[in-house]
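The values are calculated or read from the model by the stated rules, or taken from the named source; none is laboratory data. Model, not experiment: these values are computed from the prediction. Quick reminder, even Gly has a Cβ in these numbers, built from the backbone with ideal geometry, and neighbours come from all protein chains shown.
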Amino acid sequence: MTLSETREAMGPRKGDKNWVRVVKQSYRFLLLSSFALEVVSIFVSTVIGSVLLGHGDVTAAAAAAKGAAKAVGYTSPLGLLRHHHEFEYLTIQITFLQGLFNWLAAVAMEIIIPKEDEGVSAKRMNAFMASCLGSLILWILAFNNHHLNFYSNYMGMIARYGVLFVRRFFGAWPPRPMMFLYGPSFVLSAVLGWRAFNSPPDLDND
């Protein structure tokens, strides 16, 4: 299931009920954001892997000069990654999991939208399958929270990530040159998103 395959069928129509319009718009956003988040997860994983592989000589020299225990200061590879690259570590963890959540939620929304000529039994089955996917999302979240190493729960990870994101991309001084591009780009995306979700039904196709 891709956005291109469902673009026409999931476009809002003038005859749609308000909740159907909202679900269709949310479905398209969740499907696209899921793809984008998984791409970010793969990209950052690849880049940080290359960065860590390039630290070997520096780490060995530091360990020889100061002693391994003092130079390392952590007892696991994940501890090393979080200690030196917490932003990248959180980026990988959050974008992968949130991308999975968004995709599952999009599938549930596609199922729950009523289709023409569907009977009561079909609608009940749709509600059952969508409910199963919702329960799966909650179970995955609970499983993840139970196995976290450095944070209390997933929302705590997101809160910490928000602090690091603002500090890195908007709180650095002197400002990074790219900030003058991605800053306005974020604002433009927010404005376009507000307009998209608040478009009146009379602008939809029949």
Which residue is farthest from the chain's Cα centre (by Cα), if the candidates are limited to the range 166-180 and must be aliphatic (A, V, I, L, M) and in a helix (DSSP H, G or I)?
M179
Out of the residues in the range 191-206 that are aliphatic (A, V, I, L, M) and surrounded by fewer than 11 Cβ atoms within 10 Å (Cβ to Cβ), state the one that is modelled with the lowest pLDDT.
L203
Condition (residue is of a type in the set (D, E) and part of a loop (DSSP other than H, G, I, E, B)) applied to the range 196-204: is it met by at least one residue?
yes
With respect to L188, is the statement that it is surrounded by 10 or more Cβ atoms within 10 Å (Cβ to Cβ), in a loop (DSSP other than H, G, I, E, B) and not hydroxyl-bearing (S, T, Y) true?
no
Hey, any hits in the range 147-155 for a residue that's in a helix (DSSP H, G or I), closer than 23 Å to H83 by Cα, without any contact (Cβ under 8 Å) to a residue 24 or more places away in the chain and out of contact with any strand residue (DSSP E or B) (no Cβ under 6 Å at 6 or more places or on another chain)?
yes
